[in-house]
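Novice: Once you've had a glance at the structure underneath, I'll fire off some questions.
Please treat every number below as a calculation from the coordinates, not as lab data. The structure displayed is predicted, hence computed values, not measured ones. Positions of Cβ are generated from backbone atoms using ideal geometry, with glycine treated the same way; all protein chains shown enter the neighbour counts.
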Amino acid sequence: MNFSYYFLLIGVPLIFGLWAQFRVSSTFNRYKKVSTASGLTGAQAAQQILSASEIHDVSIVAIDSMLGDHYDPSKKQLSLSTDVFYGNSISAVGVAAHECGHAIQHKAHYPPLHWRNTIVPATQFSSQILPFVLLGGFFFHLTNLITLGIACYAVLMVFQLITLPVEFDASSRAKLILQKMGIIHTPSEIRGVNAVLDAAALTYIAAFIAAVGNMIYLLMVRRDSR
Ligand SMILES: [Zn+2]
């Protein structure tokens with residue numbers, strides 16, 4: 001197989017992923033410096049959104065992990081990074097509202113969120129064994145291991161595919177609810193929140209494309225090894 005396939009299937013998605021990551025952090029940092037007119041912190045905004053959505057059993061905690069914000073459905077816990085938890089910026093309320101979007105999905109039994117949670121153990125197992133599978137497959141030219149690698153990437157691909165509606169839906173819920181509750185209202189605030197959340201969406205698209213690229217590449221490797 002020639003190098004151009006490798007570049008197209010592995011290199012291009014990798015570059016796209018790095019660019020998306022860079023855009024998330026640069027957009028987040030840009031709007032971290034812009035305070036909202038309402039002055040609410042991410043934690044306060046999250047508390048108000050959860051209350052307005054009649055969610056009273058979800059706790060909001062601060063975590064020391066930049067852009068590590070997430071909602072854990074098993075613990076019913078919304079973890080916000082310190083910039084988001086304590087900050088009263090466009091970035092802070094945007095990310096906080098997005099994570100609330102996941103808590104609202106959970107309460108509303110939004111099917112893709114349920115599918116994603118179901119596939120999490122298989123996804124974790126696949127990503128843990130993948131490095132060994134690939135190493136063994138390429139090093140010893142074991143076709144069975146390459147096939148196992150293809151299966152692992154298939155699991156990751158399905159996971160990333162299900163992640164897309166989950167993330168897009170959480171962001172559109174966030175954009176709506178922030179405006180509806182008056183947490184943001186000026187056109188420039190709306191533009192800022194959109195920029196932060198849309199940048200984050202790109203990373204999920206990049207992760208999906210990377211899984212697809214890796215899987216096709218391995219399929220071609222297996223075909224050539226026969
Ligand atoms: Zn999310």
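Novice: Less than 9 Å Cβ to Cβ from S81, Lys/Arg counted +1 and Asp/Glu -1: what total charge do the surrounding residues give?
Specialist: So the environment of S81 carries a net charge of -3.
Novice: Charges only on Cβ, +1 for Lys and Arg, -1 for Asp and Glu: so what's the dipole of region 3-225 about the Cα centre, in debye to the nearest 20?
Specialist: It comes to approximately 260 debye.
Novice: Restricting to DSSP loop positions (anything but H, G, I, E, B) with no more than 11 other Cβ atoms inside 10 Å of their own Cβ, which trypsin sites (Lys or Arg not before Pro) remain in region 15-115?
Specialist: For trypsin sites (Lys or Arg not before Pro) across region 15-115 that sit outside H, G, I, E and B with at most 11 neighbouring Cβ atoms in 10 Å, the list reads K33, K75.
Novice: Could I ask something else about it? So between Q128 and F22, what do we pick up on full extension, going 0.36 nm a residue minus the alpha carbon distance?
Specialist: 35.6 nm
Novice: A follow-up question, please. Is any residue of region 1-26 close enough, with backbone N under 20 Å, to a label point placed 7 angstrom from the Cα of R191 along the Cα-Cβ axis, and if so, which?
Specialist: Counting backbone N atoms under 20 Å from the label point, the list is 23-26.
Novice: Where in region 99-169 are there chymotrypsin sites (Phe, Trp or Tyr not before Pro) that are in a DSSP coil and have at most 16 other Cβ atoms within 10 angstrom of their Cβ? Intermediate results must be reported in sequence, preceding the final value.
Specialist: Values: sites: W115, F125, F132, F138, F139, F140, Y153, F159, F168; in loops: F140.
Of the chymotrypsin sites (Phe, Trp or Tyr not before Pro), the ones in loops of region 99-169 whose Cβ has at most 16 other Cβ atoms within 10 Å are F140.
Novice: Could you work out the local net charge near V34, counting Lys and Arg as +1, Asp and Glu as -1, over the other residues with Cβ closer than 11 Å to its Cβ?
Specialist: Taking every other residue near V34 into account, the sum is +3.
Novice: Still on this structure, please answer the following. Express in nm, to one decimal, how much length is gained between A52 and Q77 on full extension, taking 0.36 nm for each residue of separation and deducting their alpha carbon distance.
Specialist: 7.3 nm is the gain from fully extending A52 to Q77.
Novice: Then there's this: Using the Kyte-Doolittle scale, find the helices of the chain whose mean hydropathy is at least 0.5 and whose Cα atoms extend 18 Å or more along the helix's long axis, counting only whole DSSP H runs.
Specialist: What comes out of the filter, once short or polar helices are dropped, is 111-139, 143-180, 187-225.
Novice: Lys/Arg Cβ at +1, Asp/Glu Cβ at -1, dipole of region 3-225 taken about the Cα centre: which of H56, Q160, P111 is farthest positive-ward?
Specialist: Value computed over the given set: Q160.
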